[in-house]
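Worksheet: one structure, shown below.
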Amino acid sequence: MNEMNFTVGGAPVDVADRFTVINPSTGDAAGTAPNAGLEELDRAVAAAAAAFPEWAAKSDAERQEACRAVTAKLQENAEELARLITLEQGKPLNGLGSRWEMGGAAAWAGHTAELSLPEKVLQDNDEGRVTLRRKPLGVVGSITPWNFPVMIAVWHILPALRTGNTVVIKPSPLTPLATLRAVEIMNEVLPKGVVTCITSDDRKANIGAAMAAHPEIRKIVFTGSCGTGQKIMATASDTMKRLTLEMGGNDAGIVLPDVDPEAIAEGLFWGAFINNGQTCAAMKRLYVHADVHDAVCEALVAFARNIPVGDGLDETSILGPVQNEAQFDKLSNLVSRAAAKGKVLLGGKPGEGLFFPPTLIAGLDNGDALVDEEQFGPALAIIRCESVEEMLEKANASPYGLGGSVWSSDIPAARELAARMDCGSVWINKHGAIQPNAPFGGVKSSGLGVEFGEEGLAEYTDIQVIFS
């Protein structure tokens with residue numbers, strides 16, 4: 001049993017009230033976490049606010065070295081954290097699972113440590129000198145989801161630290177253990193109070209809403225559902241917080257008639273089923289030209305039927321369970337409705353517990369729930385289209401705009417089509433391949449602001465212009 005504690009002011013703090021975290025593969029307890037209330041939140045924010053002046057006053061080089069030290073700590077403890085991720089999230093240790101997540105977390109931390117936002121000279125002539133500098137905001141509130149407990153925490157924490165802010169992070173109550181432990185590890189090399197983790201089951205108190213309203217938190221960075229992001233945006237307006245909101249997606253893939261179906265099948269599968277489909281930027285609807293529709297379906301089925309699904313601690317598993325019962329029920333409902341109208345090519349029926357086999361359903365169209373809604377699970381809707389323009393029109397006919405992809409052997413033509421897609425990121429012959437040096441964010445209802453790279457780093461700062 002993994003019994004985790006808060007880290008406040010650089011030291012672990014136990015709380016009498018605790019909640020149990022469930023292993024979705026077995027239904028057994030994975031561990032327990034402290035159940036915070038508003039008093040504990042105020043304590044965490046106060047510790048972060050007290051640590052801010054000294055941290056902000058450190059030189060850029062000193063903060064860079066601290067971020068490098070955090071990166072090294074994550075690498076040193078990667079296997080321990082990976083096992084915690086698997087126990088609470090369900091994803092396998094192997095494949096594109098928890099060890100892969102930890103590799104990504106370290107890569108993002110390391111890249112962010114090397115970024116900088118140097119002062120810019122806007123003018124320097126007889127009329128005077130004008131410079132632009134970036135200043136840290138203060139306390140940053142981070143609210144993270146259950147699908148990538150450590151990697152998304154790193155996406156939030158490291159750019160905040162690099163720019164001189166302090167952080168209070170609240171992980172999902174479904175997956176708090178690895179985040180609590182990661183922050184505990186970070187505190188081994190960071191000054192007291194610079195990063196504080198607080199957990200809650202969201203029943204004792206709505207800590208996320210309280211963070212959005214808290215007067216001493218200057219920015220909220222949030223990854224999660226559109227509905228929650230909209231509430232955070234409304235609540236944060238009273239204190240004029242800065243916001244970065246990476247919200248839901250319903251990413252479309254477009255398959256042109258010049259593809260080799262067998263050559264793209266593996267890429268299509270992992271574009272849709274990475275992390276068991278529980279990824280904001282996973283491909284969730286696939287528009288395929290009629291000329292290759294049947295061949296693409298056959299190639300996808302041939303690849304997908306050989307993917308082992310099982311307990312994440314089993315080294316042979318490649319996909320694990322759906323993380324929680326509510327998501328499982330939503331997925332089951334969407335698949336059941338889709339199966340009644342379309343043609344189930346693979347899967348289609350729930351397994352035991354929270355396991356759901358990779359599911360491919362053809363014969364659907366826009367207007368069907370599995371196409372229009374974000375299923376966030378291992379099911380892909382495949383839509384047959386007669387022309388490229390029809391595929392583009394249907395792909396863009398969504399309130400979401402996180403990512404998209406074009407699959408073609410004609411790269412210049414694919415790029416031209418990609419530029420017409422209404423989304424923040426578009427990939428050619430792959431999907432969801434984000435990287436730390438490229439900004440990532442959504443348009444329309446999929447979010448506000450960007451993460452990663454210099455553009456993402458700048459979102460943790462205020463601009464100050466000095467005229468002399």
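The values are calculated or read from the model by the stated rules, or taken from the named source; none is laboratory data. Predicted, not measured: the structure shown is a model, and the values here were computed from it. Here the Cβ positions follow ideal geometry from the backbone for every residue, glycine too, while neighbour counts run over all protein chains shown. Accessible surface areas use protein heavy atoms only, side chains included; no ligands, DNA or RNA. Shrake-Rupley method; radii C 1.70, N 1.55, O 1.52, S 1.80 Å.
See the values below:
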{"read-out": "Filter result (assigned to a helix (DSSP H, G or I) and among the charged types (D, E, K, R)) within the stretch 57-91", "value": "60, 62, 63, 65, 68, 73, 76, 79, 80, 83, 88"}
{"read-out": "Number of positions in the stretch 180-232 that are assigned to a loop (DSSP other than H, G, I, E, B) and either open to solvent by less than 10 Å² (accessible area, probe 1.4 Å) or farther than 28 Å from residue 250 by Cα (or both)", "value": "17"}
{"read-out": "Among (1) assigned to a loop (DSSP other than H, G, I, E, B); (2) closer than 22 Å to residue 326 by Cβ; (3) open to solvent by 10 Å² or more (accessible area, probe 1.4 Å), the one test that residue 94 misses", "value": "(2)"}
{"read-out": "Residue pairs meeting the criteria (Cβ under 6 Å; at least 6 apart or on separate chains; first within 23 Å of residue 124 (Cα to Cα) and outside any loop (DSSP other than H, G, I, E, B), in the stretch 447-468; second open to solvent by less than 60 Å² (accessible area, probe 1.4 Å) and of a type in the set (Ser, Thr, Tyr))", "value": "466/131"}
{"read-out": "Residue identified as in contact with a helix residue (DSSP H, G or I) (Cβ under 7 Å, 6 or more places away or on another chain), in a helix (DSSP H, G or I) and either open to solvent by less than 10 Å² (accessible area, probe 1.4 Å) or within 30 Å of residue 465 (Cα to Cα) (or both) among 106, 153", "value": "153"}
{"read-out": "Test: residue in the stretch 72-90 that is farther than 30 Å from residue 321 by Cα and open to solvent by 10 Å² or more (accessible area, probe 1.4 Å)", "value": "yes"}
{"read-out": "Yes/no for residue 133 being touching a strand residue (DSSP E or B) at 6+ places or on another chain (Cβ under 7 Å) and not polar (S, T, N, Q)", "value": "yes"}
{"read-out": "Within the stretch 342-354, considering residues that are open to solvent by 70 Å² or more (accessible area, probe 1.4 Å) and in contact with a strand residue (DSSP E or B) (Cβ under 9 Å, 6 or more places away or on another chain), the one nearest to residue 308 (Cα to Cα)", "value": "349"}
{"read-out": "Residue selected from the stretch 132-147 under the condition open to solvent by less than 10 Å² (accessible area, probe 1.4 Å) and touching an Asp or Glu at 6+ places or on another chain (Cβ under 9 Å), by the criterion farthest from residue 3 (Cα to Cα)", "value": "138"}
{"read-out": "Filter result (assigned to a helix (DSSP H, G or I) and aromatic (Phe, Trp, Tyr)) within the stretch 1-56", "value": "52, 55"}
{"read-out": "Conditions (1) part of a loop (DSSP other than H, G, I, E, B); (2) without any contact (Cβ under 8 Å) to a residue 40 or more places away in the chain: number failed by residue 258", "value": "(2)"}
{"read-out": "Residues (closer than 21 Å to residue 158 by Cβ and among the hydroxyl-bearing types (Ser, Thr, Tyr)) located in the stretch 68-91", "value": "71"}
{"read-out": "Any chance residue 162 is surrounded by 17 or more Cβ atoms within 10 Å (Cβ to Cβ), more than 22 Å from the chain's Cα centre (by Cα) and not hydrophobic (A, V, I, L, M, F, W, C)", "value": "no"}
{"read-out": "Cross-chain or 6+ apart pairs with Cβ under 9 Å, the stretch 1-25 first and more than 25 Å from residue 42 (Cβ to Cβ), then among the basic types (Lys, Arg) and not in a loop (DSSP other than H, G, I, E, B)", "value": "2/181"}
{"read-out": "Residue identified as open to solvent by 40 Å² or more (accessible area, probe 1.4 Å) and farther than 25 Å from residue 223 by Cα among 325, 373, 389", "value": "389"}
{"read-out": "The listed residue being of a type in the set (Ser, Thr, Tyr) and closer than 30 Å to residue 308 by Cα, out of 98, 59", "value": "98"}
{"read-out": "Criterion violated by residue 99 - all others in (1) open to solvent by 10 Å² or more (accessible area, probe 1.4 Å); (2) within 21 Å of residue 162 (Cα to Cα); (3) in contact with a helix residue (DSSP H, G or I) (Cβ under 7 Å, 6 or more places away or on another chain); (4) not aliphatic (A, V, I, L, M) satisfied", "value": "(2)"}
{"read-out": "Of all residues making up the stretch 423-446, the number that are open to solvent by 60 Å² or more (accessible area, probe 1.4 Å), at negative phi and outside any loop (DSSP other than H, G, I, E, B)", "value": "0"}
{"read-out": "Tabulated pairs, the stretch 168-195, first closer than 22 Å to residue 23 by Cα, second open to solvent by 30 Å² or more (accessible area, probe 1.4 Å), C-beta under 6 angstrom, 6+ apart or interchain", "value": "172/146; 173/202; 174/146; 175/146; 177/2"}
